[in-house]
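Remarks on the structure that follows.
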Amino acid sequence: MEETMNNRNSERRPPTAARAGDGTSDDIGATVSGTLSKASDIAQGAAETAKRAAVGGASTVTNQVKEMLDRQVGSGAEVMGQLASSTKRAAEDLDANAPIVAGVVRTFANRLDGYADDLRDRSVDQLVLAASDLARRKPGLVFGLAAVAGFLTFRTLKSAPPAPESIKGRRQGAN
């Protein structure tokens, strides 16, 4: 009868308590700990890989945008050069009737042509650096130019023709 009671007590013990003496729970704990450690290492590696990919992707996009802006600066320089050529032709036409005005127009055309040549030789990074240097040296001028640009933008938007009635009706109906 005593043996039966001992068997019942051993059946009631939790499995880990029954195995505590043989070291199996220590093995399980070590295995779980090792698995968690490996999972943590894998997660950290994946995070580092994702970070490198994001930085590389951002760098690629930045380079593509800079290349596009450099092309746009080149196009703008070409337009300025064409404007300078047209202005020089206008100065030649003015020579016969108004030589003083022709001289002023020619001076303007020469300066414009010089600015176009200067733009052709610069990258976007160099232009941004030059603009920030100008802002540091002459903040009043930059503020004044920004104010004039804002005023002109405001006036342009305010003087825009009103939207047609069909568009106004759709906007009011959507609200």
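The values are calculated or read from the model by the stated rules, or taken from the named source; none is laboratory data. Computed from a predicted structure; not experimentally measured. Cβ: placed from backbone, ideal geometry, glycine included. Neighbour counts: every protein chain shown.
Observations on the structure shown:
- Any chance Ala77 is of a type outside the set (D, E, K, R), assigned to a helix (DSSP H, G or I) and at pLDDT 85 or above: yes
- Test for Leu134: is it surrounded by 13 or more Cβ atoms within 10 Å (Cβ to Cβ) and at pLDDT below 90: yes
- Top-ranked residue in segment 54-67 [being surrounded by 11 or more Cβ atoms within 10 Å (Cβ to Cβ) and without any contact (Cβ under 8 Å) to a residue 12 or more places away in the chain; ranked as nearest to the chain's Cα centre (by Cα)]: Val65
- Taking the criterion of being of a type in the set (Gly, Ala, Ser) and under 26 Å from Phe108 (Cα atoms), the residues of segment 56-93 that qualify are Gly74, Ser75, Gly76, Ala77, Gly81, Ala84, Ser85, Ser86, Ala90, Ala91.
- Flag for Asp113 being without any contact (Cβ under 8 Å) to a residue 60 or more places away in the chain, touching a Gly at 6+ places or on another chain (Cβ under 8 Å) and not basic (Lys, Arg): yes
- Where Ala102 falls short, out of the listed (1) in contact (Cβ under 8 Å) with a residue 24 or more places away in the chain; (2) surrounded by 15 or more Cβ atoms within 10 Å (Cβ to Cβ): (1)
- So Asn9, is it out of contact with any Pro (no Cβ under 6 Å at 6 or more places or on another chain), loosely packed, with under 10 Cβ neighbours inside 10 Å and either modelled with pLDDT of 85 or more or of a type outside the set (A, V, I, L, M) (or both): yes
- Residue in segment 137-164 that is farthest from the chain's Cα centre (by Cα), counting only those that are of a type in the set (A, V, I, L, M, F, W, C) and surrounded by fewer than 10 Cβ atoms within 10 Å (Cβ to Cβ): Ala160
- Options Val124, Val142; residue that is in contact with a Leu (Cβ under 7 Å, 6 or more places away or on another chain) and touching a residue at least 12 places away in the same chain (Cβ under 8 Å): Val124
- Single residue of Gly140, Gly103, Gly45 found to be of a type in the set (Gly, Ala, Ser) and modelled with pLDDT under 85: Gly45
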